[in-house]
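Shown next, in structure tokens, is the structure this report addresses.
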Amino acid sequence: DLLAPLVKLQPGLVLNNRLGGGYLGDTETPENRIPATGYPRDWEACMTMNDTWGFKSYDHNWKSAQTLIRNLVDIASKGGNYLLNVGPTAEGEIPAPSVERLKAVGAWVRKNGEAIYATTASPFVRLGWGRATQKPDRLYLHVFHWPADGQLVVPMSSGAKKAYLLGEPGKPLKFSAAPTGLRLTVPASAPDADSSTVVLEGVGKVVALPPPPIAADANGTVQLPCDAADLFGRRVRVEGNTNLNLGAWRGLDDYASWQVQFARAGQYEVLLTAAVPAAEAGSTYALTAGHERLEATTVSTAGKDYQPVTIGTITVAQAGRLTVMLKPVKIAKTELMRLRSLTLRPVGP
């Protein structure tokens, strides 16, 4: 009721989702987290440089310049804005650690701003080596983990006309088509330790290849980290900056799935590494792998203490690719669990 006169007075007014009363507003504003896949509408991640919005003399848990730069890239790759908070001292001064980090981020943006400003979200679900942003007919590859073998693979079936390091268009990089995507030959060392930018020109409409399945290790064990999951539903999301987990798992329509390449048939022991506060224990959930289904109930792990819990075994009928899915059946209180990873370990020889 209070908003209607304002919107009538100024029809172009942009309202966020923090006005209460169930009003969704026009934009999403996740706080101190970056959503796993962005949002289908405009959004802005609101984040601190340490753990404080204002100023605390004892809060020295500063995020590194590299973390801030990679946060910026991550957010841009998901179509969002980065609102970075600075908490001044009682004297109105910006703390020296903030100044130091802002200068480092600014220096990076001066060199790489073309790959951030006026770009749109990445066409890829996930990239093991970093992130991507795009403009019409141009793709920017933000490489966090420079390839040791000098081969950068971009999972796309479409092509490109030219590749080069940002700022060096006169030094084209060689590239060729491969079954796994476009294979670029890059210099032996990364131009920037925080995030190096490679430009692909003449890409047209990028056709992304689906992410490859997660392969078993030499012992046949399959490790499924939370940030490698495909997420479905309105709430469940990847939380944290370093120690990641799947959180906000509050709806029965929220679930996670992984594409897995099993190396062998047989029985597999299933372990979850998760945190469940005592007050939230008692929810039930189902793990499926192909036609196999295993139900279990969450047990307390003493709050935020992540513990590996064996929930049972499943049978994989034959080696090959399967979808592994984790979905709530009944949520006892407000949240299913905070999941860090799933492990499927072969039983027997």
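The values are calculated or read from the model by the stated rules, or taken from the named source; none is laboratory data. Predicted, not measured: the structure shown is a model, and the values here were computed from it. Using ideal geometry, Cβ is built from the backbone for each residue, glycine included, and neighbour counts are taken over all protein chains shown.
What the table below lists for this structure:
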item: Test for K63: is it of a type in the set (D, E, K, R) and out of contact with any strand residue (DSSP E or B) (no Cβ under 9 Å at 6 or more places or on another chain); result: no
item: Candidate set: the range 115-139, residues that are farther than 21 Å from P40 by Cβ and touching a residue at least 60 places away in the same chain (Cβ under 8 Å); chosen: the one farthest from the chain's Cα centre (by Cα); result: D137
item: Enumerated strands (runs of 3 or more DSSP E) restricted to the range 258-349, each holding at least 3 residues that are within 22 Å of R237 (Cβ to Cβ) and either assigned by TED's automatic domain parsing to the domain that holds L231 or modelled with pLDDT of 95 or more (or both); result: 266-275, 284-289, 320-330, 338-346
item: Scan of the range 152-183 for residues that are out of contact with any Gly (no Cβ under 9 Å at 6 or more places or on another chain) and in contact (Cβ under 8 Å) with a residue 40 or more places away in the chain, ordered by number; result: L152, L166, G167
item: Which numbered condition G150 fails, given (1) under 17 Å from the mean Cα position of the chain (by Cα); (2) on the phi > 0 side of the Ramachandran plot; result: (1)
item: Top-ranked residue of the range 19-52 - restricted to ones that are surrounded by fewer than 18 Cβ atoms within 10 Å (Cβ to Cβ) and among the acidic types (D, E), ranked as modelled with the lowest pLDDT; result: E31
